[in-house]
Amino acid sequence: MNYLHEAKQLSQAVHNLQGRVAWQSPSNIALIKYWGKHGQQLPDNASVSFTLSKSVTKTEVTYNQADNNENRLEFYFDNARKPEFEQRINKYIENILPYLPFLKDLKLVIRSSNSFPHSAGIASSASSMSALALCLVDIEKQIFENHSSQNTLLQKASFLARIGSGSACRSLFGYAAVWGTSPLVKGSVDTMAVPIEHNIDPVFKTFHDAILVVDATPKSVSSTAGHELMLEHYYRHGRKLQVADNMEKMMHALASGDLDSFIQVVESEALSLHALMMSSEPAFMLLKPNTINIIQRIKAFRETTKLPCAFTLDAGPNIHLLYPHHIKSQIVEFIEQELQPLCFDNVWIDDAVGLGPVCW
Ligand code: DP6
């Protein structure tokens, strides 16, 4: 879809310059990691993720015609005005204006909240940017009275969410999504994610993600800065080869339900991501002693019980423990006995693979 062309066509026929839209959108956890980007948030490699269900952002946007002199944006988080975020959202809106030019004539009041606690140290950019992008595309739908399908709306929201935060574009689709061109995934592109719900074995739709909060302090290096260090990274080429290989194994494991191969690739990706950080120039490390401690305990638990569970990491010290529903009671017992005491404030979040965004 050529959204720039669409924007020009739609610049006439504005119907209703006031209204309300509201979307809830989930976070996602990458199985194949996006690390390194170029151009306008285009990924250096394809990535795959599970869409979560409990870690969500709820966003409501009310809009009306802007008065020339007034402040065009108010942003509230948990009902408190947050001017520091307003600057970032204004910048984002500026970036997507070529695709949604009508936004320049609107005043927006955005109210947002997260389901997960502030102190959990969970990155919220995927859920928040996908929820906001959905609201903005929904406004377009309302004011131009266009009757596009839900699918069309989700695709455009994925395209626009990407411009806000790369990984956010994968949160628009239920169960699992791929972002980035891959010869293995029909229709995959760099500009938005595509759903792969129909390419995965049913066992993966039952997966849980136990988020073990190791540390909740703000990260020392942002993902954006980390991506940038990939531009001159010694392992840049090697990383591309590794992803091509891991993508092949992952897509095959997802399609066939091969849990052993799934575990091997998920863990290889998690450790490789952090190895890339540790070998960047300048080097940085986001892992904490208890991250390693928990990883070792998960490996030992799997070795003894032979239960299919895998750890992964995002760009931070927290562990995501992925496992299928049929072993939930054993995993929860293991977490409560062995892992929870290693978590910051004993916090862990019992999340699971989910259906994607909902309108509210
Ligand atoms: C390690 O999407 O947060 O979680 O595009 O700069 O906003 P920006 O970065 P972001 O990077 C996420 C990196 C990751 C891996 C992943 O989710 O694929």
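For the chain, give me the percentage of DSSP beta bridges that are antiparallel, rounded to the nearest 5 percent. Don't jump to the answer; show the numbers that get you there.
Working: 50 of 55 bridges.
Once the DSSP bridges in the chain are tallied, antiparallel ones form about 90 percent.
How many lysine pairs does the stretch 1-122 hold where the Cα atoms are under 25 Å apart and the two sit 8 or more places apart or on different chains?
Lysine pairs, 8 or more places apart or on different chains, close enough: 15.
What ranking, highest mean first, results for peptides 263-274, 291-302 when packing means the other Cβ atoms within 10 Å averaged over each residue? Walk me through the numbers on the way to the answer.
Details: 263-274: 20.1, 291-302: 16.9.
Peptide ranking by packing, descending: 263-274, 291-302.
Under 28 Å between alpha carbons: how many lysine pairs meet that in the stretch 212-360, if sequence neighbours fewer than 8 apart on the same chain are excluded?
Counting lysine pairs in the stretch 212-360 gives 14.
On a 0 to 90 degree scale, rounded to 10, what angle separates helix 236-256 from the longest Cα axis of the chain?
On a 0 to 90 degree scale, this one is about 80.
Given +1 on the Cβ of Lys and Arg, -1 on the Cβ of Asp and Glu, and no further charges, what dipole in debye does the chain carry about its Cα centre, rounded to the nearest 20?
Values: 31 positive and 36 negative charges, 69 e Å.
Charge dipole of the chain: 340 debye, to the nearest 20.
Taking 8 Å as the Cα distance limit and 6 or more residues as the minimum spacing, I'd like the relative contact order of the stretch 1-155 as a percentage.
Computed value for the stretch 1-155: 31 percent relative contact order.
Between L106 and residues 5 or more places away or on another chain, which pairs have amide H atoms under 5 Å apart, with H built 1.01 Å from N, and which residues are they?
A66
So what's the back-of-envelope 222 nm ellipticity for the chain, counting only DSSP H runs of four-plus at -39500 (n - 2.57) apiece and dividing by all residues, rounded to 500?
Numbers: 10 runs with 130 residues, N = 360.
It lands at -11500 deg cm²/dmol.
Only bridges whose two residues both fall in the stretch 23-134 count here: according to DSSP, what percent of them are antiparallel, nearest 5?
On the way: 21 of 26 bridges.
Percent antiparallel among DSSP bridges in the stretch 23-134 is about 80.
Picking from P117, C343, L42, whose Cα lies most toward the positive end of the charge dipole for the chain (charges on Cβ: Lys, Arg +1; Asp, Glu -1)?
Of the candidates, L42 comes out farthest on the positive side.
State the answer as a single residue: which of N2, L97, A66 lies farthest towards the positive end of the charge dipole of the stretch 1-122, with beta carbon charges of +1 for Lys and Arg and -1 for Asp and Glu, about the Cα centre.
N2
Kindly express, to the nearest 10 degrees and within the range 0 to 90, the angle between helix 150-164's C-alpha long axis and the longest C-alpha principal axis of the chain.
80 degrees
Checking the a/c ratio against 1.5 first, then a/b against b/c, what shape does the Cα gyration tensor give for the stretch 206-329? Don't skip to the end; give the middle numbers.
On the way: a/c = 2.30, a/b = 1.34, b/c = 1.72.
Cα axes put the stretch 206-329 in the oblate bin.
Using only alpha carbon pairs under 8 Å that are at least six residues apart, calculate the relative contact order of the chain and give it in whole percent.
Numbers: 715 pairs, mean separation 83.1, N = 360.
Relative contact order for the chain comes out at 23 percent.
Enter the angle in degrees (range 0 to 90, nearest 10) between the Cα long axis of helix 289-305 and the first principal axis of the Cα atoms of the chain, meaning the one along which they spread out most.
Tilt relative to the chain: about 60 degrees.
For a test of the definition: using alpha carbon positions, the gyration tensor, and the 1.5 limit on a/c, classify the stretch 265-360 as rounded, prolate or oblate.
Working: a/c = 1.66, a/b = 1.25, b/c = 1.33.
It is oblate, given that a/c is not under 1.5 and a/b is not larger than b/c.
We did not get these values from a lab; they are worked out from the coordinates using the rules stated. Quick caveat: nothing in here was measured; it's all calculated off a predicted structure. Heads up, the Cβs are rebuilt from the backbone with ideal geometry, glycines too, and the neighbour counts pull from every protein chain shown.
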